[in-house]
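The block underneath contains the structure these notes are about, expressed in structure tokens.
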Amino acid sequence: MSAMENFPYILTISSEKGGVGKTTLATNLAIYLKAMMEDLQVTVMSFDNHFTVDRMFELKGQQSNGTVEDFLKGVRGVNLLHQGQYGVNYIPSSDNLTEMYPGFKGPMALCRMMSESGISGIIVLDTRPDLNILTQNALYAADRVLIPVKDMPSLENCKHIFALFDQRGIDKKSLSLIPCLIDNRIKYDGLFRDQRTLLRAFAINRGYRCTDTYISKSPKVESLNTNPDGKIYPILNYARETEVHSQFTELAQDILNVYLQTQESRAFLYHQWQSEQEDRKKEAFLARLEGILPHCLICGARHEAGGLKGFYFETSDMNSRGFLHTECFVGMLCSLLYDLNAKSELYQLSLQVIRERASSSVSIFFPDSTGTVPQKLIFKQFDYNGTLLIERQLSLEGFYEGLLDGVRDHLFMLLNETMTGYDGKLRSGWLAIHPVNEARPEQVLQDASYRKLREIQRVISETKLK
């Protein structure tokens, strides 16, 4: 169990049918598991809005740390744990979870939260009687799923859970049905003698796994949930004389045995996968960083010598990549767009306008290849929705001869180091320049940011550079 010391084993109780005993199963299993192994951390939480978990485990006077809603919003689970009755931990319920469904994206979001929760031992999840996005996540995050069935309609509904796993390509070994609320007084003539035998036979015929244990219907157990004082009492303490008590003992022992034999829980495996992904992202980031030129191509100064790196550039063939000083690039644009010399008064007045525009747009340079030898350069600026903001045709007169005119000098230096081929001509393709955070310019090379950068470049190059 060493690999799982800091990661939970998830037991999810799920059924699309209400009234099949899900919550009774979840809450009482938590108590039995804790009683069987006192040093095992057992936590129960509910994604339903009936607050049964709170009524059963709450210790009066305990200060609230937050609810299941906070957990699903990103608060670390271990910081929300409440010490409950019978030694079972719980995270208080919430009636606002349905409002979170639209923003709860991805089938493995809950698995990630569980892997980062800091909770160890066994977490028992009680779910709503439907297959909303949260229930789906609880199923995918589970090491083991118990699906209580009490009749043919509840058995029929099981196919939707199995279909979900098929759609996602997830192994269905974690799924097992358990006959619940079985009335042993009901007998049938013929092969199927009782409810339990009938349900098990139909389940196995459909390819569903089914537990050896079942849970009987019991008036005594039902009275533990419905009484004048509104309390909920555990089967372990208040129904020892019933058949249900021994059934829960058998089921809990089976769950505990499987848990103890599990070397790597799904939460641990997700953490391991995520770590590998992060390592790959780090390697990709370092590879991108390694190819960065050490100086600003406009002024020629090395970055460590000073100057804020406010823009990132790369060519379409990825042969040239690096950062430009903010003042260098903004100044270059000011000269190009307004044909102004840096010493003129209008130049200084125009800088702020150009800076604001450049800080929220993508600048693209590419040669106009309509002639035999390109003598023009196309400049386009787009917002991050791909909308064209400005377009200019710039003269390249003097570029191939190495002549400088005081206005396009910086542009010529930039082109010479990024887009010039071995023959002295401009290569086909484009040069893209993106604004970056001056405080953390290298962040643009991190995986998520760089993917967005590449995507806007793809959209622009495929649809706008025609």
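The values are calculated or read from the model by the stated rules, or taken from the named source; none is laboratory data. Since we're looking at a predicted model, the values are computed, not measured. When we count neighbours, we look across all protein chains shown, and the Cβ atoms used for this are built from the backbone with ideal geometry, even at glycine.
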Worksheet item: Can you tell me how many residues in segment 213-237 are closer than 19 Å to residue 154 by Cβ and without any contact (Cβ under 8 Å) to a residue 12 or more places away in the chain?
Response: 1
Item to complete: With respect to residue 38, determine if the residue is surrounded by fewer than 17 Cβ atoms within 10 Å (Cβ to Cβ) and part of a loop (DSSP other than H, G, I, E, B).
Response: yes
Discussion item. Suppose we filter segment 63-93 for residues that are crowded, with 20+ Cβ neighbours inside 10 Å, under 22 Å from the mean Cα position of the chain (by Cα), within 25 Å of residue 35 (Cβ to Cβ) and of a type in the set (A, V, I, L, M); how many remain?
Written reply: 3
Discussion item. Considering only segment 59-81, I want to know if a residue exists there that is part of a helix (DSSP H, G or I), within 16 Å of residue 121 (Cα to Cα) and in contact with a strand residue (DSSP E or B) (Cβ under 9 Å, 6 or more places away or on another chain).
Written reply: yes
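Could you name every one of the strands (runs of 3 or more DSSP E) located completely within segment 290-379 that has at least 2 residues being farther than 19 Å from residue 444 by Cα and hydrophobic (A, V, I, L, M, F, W, C)?
Passing ranges, in order: 362-368.
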Practice prompt. Considering (1) buried (at least 17 other Cβ atoms within 10 Å of the Cβ); (2) touching a residue at least 60 places away in the same chain (Cβ under 8 Å); (3) within 21 Å of residue 15 (Cβ to Cβ), say which one residue 130 fails and leave the rest.
Written response: (1)
Worksheet item: Name the residues in segment 263-299 that are surrounded by fewer than 18 Cβ atoms within 10 Å (Cβ to Cβ), of a type in the set (A, V, I, L, M) and within 21 Å of residue 117 (Cα to Cα), would you?
Response: 269
Worksheet entry | Residue list for segment 423-448, restricted to those being in a helix (DSSP H, G or I) and crowded, with 18+ Cβ neighbours inside 10 Å | 441, 444, 445
Practice prompt. Name the single residue, out of those in segment 310-355 being over 27 Å from residue 428 (Cα atoms) and basic (Lys, Arg), that is surrounded by the fewest Cβ atoms within 10 Å (Cβ to Cβ).
Written response: 343
Worksheet entry | Scope segment 41-92; condition among the aromatic types (Phe, Trp, Tyr) and touching a helix residue (DSSP H, G or I) at 6+ places or on another chain (Cβ under 8 Å); matching residues | 47, 57, 71, 86, 90
Fill in: Filter result (at pLDDT below 90 and either in a helix (DSSP H, G or I) or not assigned by TED's automatic domain parsing to the domain that holds residue 15 (or both)) within segment 168-190
168
Discussion item. Of all residues being closer than 15 Å to residue 79 by Cβ and under 20 Å from the mean Cα position of the chain (by Cα) in segment 108-122, which is surrounded by the most Cβ atoms within 10 Å (Cβ to Cβ)? Just the residue, please.
Written reply: 114
